[in-house]
Every structure is written in C-alpha cells, then in structure tokens.
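The values are calculated or read from the model by the stated rules, or taken from the named source; none is laboratory data. Please read these numbers as outputs of a predicted model, since none were measured by experiment. Please note: Cβ atoms are built from the backbone with ideal geometry, for glycine as well, and neighbour counts cover all protein chains shown. In case anyone asks, the SASA skips ligands and DNA or RNA and just uses the protein heavy atoms, side chains included. Shrake-Rupley method; radii C 1.70, N 1.55, O 1.52, S 1.80 Å.
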Amino acid sequence: MRGIPSSGVFIFFALVLIIELLAYFSIRQLLPQPKVKKTFSYGYWLMSALLVGILASGFLNPDKIRETPNYQFFYFVISVSFFNLLPKFLLAVAFVVSLVFRLFKAQHYARVMLMSTLILCFGLMLSLGYGILFGRKSLRVVEQEVYLHDLPKSLDKTVVVQLSDIHLGSFENDRFLKKTAKTINQYNPDFILFTGDMVNNYAQEMNGFEEEFASMKATYGKFAILGNHDYGDYTKWPNQQEKKQNHQALIKKIEVAGFRLLLNESAEVVKNKSLVEIVGVENWGHPPFPQYADLDQALQETNAESFKILLTHDPAHWGQKVVPDIPISLTLSGHTHAAQSGVQLAGIEFSPMYFVQQYWGGLYQKGNQFLYVNRGLGCVGLLGRVEMAPEITVLTLRSK
C-alpha cells in the first residue's frame, strides 16, 4: 500500500496472526470432544489461510488498488477482511477476558463469556453479510424540519434535498441512482445540494450515470462542491499533468450533469423576492485530508442581507471555523458516511464514527447555527452498509 513501510506491514500481519490464534483458542475451548476439535482445527486454519491470503494479495499487489479505476478487487479484499477479522477480534478479546476468569477459578463464567461472544459474532457476521449484499442498496429518506432564526417568511417551507458521498466507483450499474433520482423528484425540491465525493478518484467513474443526474430536478437549481476524493489525491498518477486533466474532466462532468460547482465561491438565487446565497467551499479537512478551502474568499462577494446556506464537505469545519467566526445559520456536510455501520435501537442511533468525528450524522445545533451531516449514498472501503443505509436528506426550512 502507498506510504506503508515494510515494518508497518509486518506489524499489521503480526496482529492479524495474533487475532487468528486467540479466536481459534476461544472457539476450541467450547468444543466437547478431541475428534471434533481436530476436525475444527483443520477447517479453521484452512479457511483462515485462504482469507488472510486474500488480504495479503492486496498488500502484495498495491497497483491493483491505487492505479486502476476498477475497484472490484479493492472492495473484495476489504469486504472479505472485515467479514473475517471483525468477529474474530471480538472472540480474541473475549478469550483474553476469559483467562482472567480462569485465573480466579471461575471456569463457568469464562465459558459463558466465550459462548455469549460466539453467538454475538454469528449475529455480527449475518449483519455484515446483509449489509454487503443488501444494505448498500436500501435507500433511506430522512425528512427533517429546521427552524432558522434568520429565514425570511417568504422562504418558509423551502425544500432542500441534500446528497453526499456518492462514490460512483462503488456502483456496478445505474439502477440504484435511477431509484435515487426518482425518489428525489417526488419531493419537488427547491434546491438540490451535493456536498462532495462524487467519485473515488477518477472522472470516468461518472460515465454511464449522466442521464440519472440530469433527470434530478430542482426549481431553483442544483449546486455542488468537491470532497476529498474528488481531487485524485488517493491514487498514483504518472505525472501531475494527468492528475490535473482528470480533475478538470471531473469538474466538467459535474457541470454537464446540471450542477453549478462552487469552488470557494457563492451563487445567488431569488425566491419569492428574497435573496438566497449558496456558499460552497472546496475541501477542508484534518491531515491527511487535503486542505483546499477558502471560506473568506467564498464569502467575499456575498450580500450581508441574504439568507445563506454553506456547503462544506468535512463537518469538522463547522465546529472549528464556522461556529466561532461566521454567522451562517445552516451548513450542510457529508464525509463521514456514518462509518457505513452502526446500531439503531428504540429511536437511538449510534455509529462508531462518533469516536473519530464529533459530528458524524444528522442534525446538530449550536446557538442559532445548524449543521446537517448526510450519511452518504455510496461506499468506500467496505462495500456495504450495516444499519446505516444510503441517505437522501429532505430538509424543510422553517421561519421562527
């Protein structure tokens, strides 16, 4: 992999081996007879060798991942590795905890711990399997009213549809995007706002989807910004000229699809005699994510009296720059994908992305300022979504 030293690869696979060993001992302790244990051992290590071999093939063939617009090999390696290692990691942790119980002669509790974890892992594998096969194709529409203190009465009930993180490299065909476009049009939106990551790396990922984007209709226009993946920074280019040509080609394709692309600039729209300005910045983010945003430049020609909506790909930008310095009441972001995984139970939603990004999905408020973080439409890394379905956000703006 790009940027990973050989020592890092060695440490990674050493950890993988430790997880495999501890998970093996965890299951083996639950088996009753020596003959069953022997049969299990052969099957376990044969399957583990195959699955870890698939992971190793990704490290041994990095060009298949970083120099090709075909992401099927990459998605296959990542999905298989998640499916294999995540449940085994839980078993490994359970085995270590069970050793503590055994140290205090509490064998019964150790066995209960291992059995409970094994059952949990079967459930996790089913969830991962469902997320990979079906979850990424189950469209979710989130309808949200947002009451804004500076929204003119003439703009009350303005309907904004937000899309984000489409990652067209994760789509095998146009069926899901056709469904998305049809659903969007049913809401007759005033605006369609896209908050970045149209592709994984390459402009040609948009080929074959032009009709679906063109069919998306908004009364007052479609606007877009770029995300960190839209600059081609995560692939190996023969030279900077080809990278630049790819970037310019993507910009052209987004505009041909009917979106006005905002590159540290703003756009004016008049609705019911009230001025709305869509402000869009290029990607802002923590390292290693590229920094191209210039919010001051984007606001330079805006009208002080207008109602503004800010589009910025990374939601951390809102907390660090917008809230303290810029009096914009509504900001839209994406980027997190809500980790493409989480739990939804009794109206409570949680994603492990919370430990990485404070603003990982949904609506947030600080004073009179609101942020909505769209959970994304496509996939990157794991080709699946577990309890975090692809999202269309329908925001109805309300005057206080």
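So for the stretch 230-246 (the condition being within 18 Å of residue 204 (Cβ to Cβ), assigned to a helix (DSSP H, G or I) and basic (Lys, Arg)), does at least one residue qualify? Yes. Considering only the stretch 238-247, I want to know if a residue exists there that is touching a Gly at 6+ places or on another chain (Cβ under 7 Å), among the acidic types (Asp, Glu) and farther than 24 Å from residue 179 by Cα. No - not one qualifying residue is present in the stretch 238-247.
Does residue 272 fit the bill of being open to solvent by 20 Å² or more (accessible area, probe 1.4 Å) and either under 16 Å from residue 228 (Cβ atoms) or in contact (Cβ under 8 Å) with a residue 12 or more places away in the chain (or both)? Taking the combined requirement at face value, the residue satisfies it. Within the stretch 189-216, residues that are touching a residue at least 40 places away in the same chain (Cβ under 8 Å) and farther than 12 Å from residue 166 by Cβ sit with their Cβ atoms under 7 Å from residues that are part of a loop (DSSP other than H, G, I, E, B) and polar (S, T, N, Q), at 6+ positions apart or across chains, in these pairs: 190/219; 201/235. Closer than 20 Å to residue 180 by Cα, part of a helix (DSSP H, G or I) and open to solvent by less than 30 Å² (accessible area, probe 1.4 Å): does that describe residue 211? The answer is no for residue 211.
Taking the stretch 120-177 as the range and being more than 30 Å from residue 274 (Cα to Cα), among the hydrophobic types (A, V, I, L, M, F, W, C) and outside any helix (DSSP H, G or I) as the test, the residues that pass are 134, 139, 166, 171. In the condition set (1) buried (at least 18 other Cβ atoms within 10 Å of the Cβ); (2) more than 24 Å from residue 153 (Cβ to Cβ); (3) in contact with a strand residue (DSSP E or B) (Cβ under 8 Å, 6 or more places away or on another chain), residue 362 is compliant with all but (1). The residue that is farthest from residue 212 (Cα to Cα), among those in the stretch 227-269 that are small (Gly, Ala, Ser) and open to solvent by 20 Å² or more (accessible area, probe 1.4 Å), is 266.
Please tell me if residue 282 is modelled with pLDDT of 95 or more, part of a loop (DSSP other than H, G, I, E, B), open to solvent by 30 Å² or more (accessible area, probe 1.4 Å) and more than 26 Å from residue 141 (Cβ to Cβ). Quick ask: steps written out before the conclusion?
Details: modelled with pLDDT of 95 or more: yes; part of a loop (DSSP other than H, G, I, E, B): yes; open to solvent by 30 Å² or more (accessible area, probe 1.4 Å): yes; more than 26 Å from residue 141 (Cβ to Cβ): yes.
Yes: the conditions hold for residue 282.
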